[in-house]
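What follows is a short report on a single structure.
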Amino acid sequence: MELKHVIPNMEKTFGNLEYAGEGKVEQRRINGRMTTLSRSYNLYSDIQRADDIEVILPQEAGEKFFEHEEKVKLVNAKITAEGYKIGDRGFTKYILHADDMVKA
């Protein structure tokens, strides 16, 4: 059985989320035209305080515009894991995806 993603308990895992700014835009050339595949956004969490939370939204969600530190809510959030190695050591990067991000 393959683990595809984990559905987090958003309230316990992240608490209240606030918009912290835009991240990266992933684009690819398709049929000679640059096409946006996904956009990432940075969020503040009152539970996960060590780092900003980065969420990746699909192109279908469109570009998001929020005020800095405005409370937001993620729609259908899920976490995936990606393994990588540095030298002889293995590490895991956890990636948060959502179908959309709306005002809370």
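The values are calculated or read from the model by the stated rules, or taken from the named source; none is laboratory data. Remember, it's a predicted structure, so these values are computed and weren't measured experimentally. Reconstructed Cβ throughout: ideal geometry from the backbone, glycine too, with neighbour counts over all protein chains shown. Surface accessibility is based on the protein's heavy atoms, side chains included, excluding ligands, DNA and RNA. Shrake-Rupley method; radii C 1.70, N 1.55, O 1.52, S 1.80 Å.
The distance from the alpha carbon centre of segment 48-73 to that of segment 15-44 is 9 Å, rounded to a whole number.
Placing one equal scatterer on every Cα of the chain and applying the Debye formula, the log10 ratio I(q)/I(0) at q = 0.10, 0.11, 0.18 Å⁻¹ is -0.32, -0.39, -0.93. Of the GluC sites (Glu not before Pro) found in segment 1-55, the ones in coil according to DSSP and having at most 15 other Cβ atoms within 10 Å of their Cβ are E2. For segment 10-103, lysine pairs with C-alpha atoms less than 15 angstrom apart, excluding pairs fewer than eight positions apart on the same chain, total 9. Between I86 and D46, the modelled label-to-label distance comes to 3.3 nm, taking each label 7 Å out from Cα in the direction of the beta carbon.
A crude spin-label estimate for the pair R28 and A104, with each label 7 Å from Cα along the Cβ direction, gives 3.3 nm.
Using a probe radius of 1.4 angstrom, the carbon and sulfur fraction of the accessible surface of the chain is 46%. Averaged per residue, the chain has 74 square angstrom of accessible surface, using a 1.4 angstrom probe with ligands and nucleic acids left out. Bridge orientation summary for segment 10-103: considering DSSP beta bridges with both residues in this region, about 95 percent are antiparallel.
Considering the zone a paramagnetic label at T13 would reach in this model (a point 7 Å from Cα along the Cα-to-Cβ line), which residues of segment 84-102 have amide N under 13 Å from it? 94-99, by backbone N distance to the label point.
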